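K.L.:
I'd like to ask you about the structure that follows.
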């Protein structure tokens, strides 16, 4: 059996990510996964391409031909990713999920993944009223349902409310995220292998540095 080294695995992962560039939803979901695994820094060029494309889409968010813009989960995910990577995205993209009174539609409470995504996106606010409303609406409704959902979803909600993604240190949470995705059978094995190899390498590097400090 041929065992590929880290650089070979990384190149295969780059090719896999590049193949998703024409599908915004797949690209967003993979980018989110890479970010939470703490290995997105290996894919800077591909991420630049993804975020530039997303920025163009979000700049024309009123275009009804963009199907994923009707999904709260994907709109919120794209919004958060763009702001995390330094793009100013107008929070008016969320107006389509609000009623005529300017409040978020209560029907959204049935979409737990969408609510979670909205909560994470609301953390990227810089004083905008719509994101304040998004935070209050999503936090209250997530808290209200935390004891009435499955174990895994309950864990996700509790973790998000305690420590939103953008405040987490990927290196400290990547192992937990790997285990979580393995249980849900959602993870691409290639990216999982890259994440594990990267995690083990960084751990061994830190241990070596720590040993050197102790020696001195």
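The values are calculated or read from the model by the stated rules, or taken from the named source; none is laboratory data. No experiment lies behind these values; they were computed from the predicted model shown. Cβ placement follows ideal geometry from the backbone for every residue including glycine, while neighbour counts extend to all protein chains displayed.
K.L.:
Hand me the list of helices (runs of 4 or more DSSP H) wholly inside the range 14-130 holding 1 or more residues that are at pLDDT below 90 and within 24 Å of residue 156 (Cα to Cα).
P.N.:
Qualifying helices (runs of 4 or more DSSP H): 24-37.
K.L.:
Which one of 38, 86, 114, 78 is closer than 19 Å to residue 165 by Cα, surrounded by fewer than 16 Cβ atoms within 10 Å (Cβ to Cβ) and under 18 Å from the mean Cα position of the chain (by Cα)?
P.N.:
86
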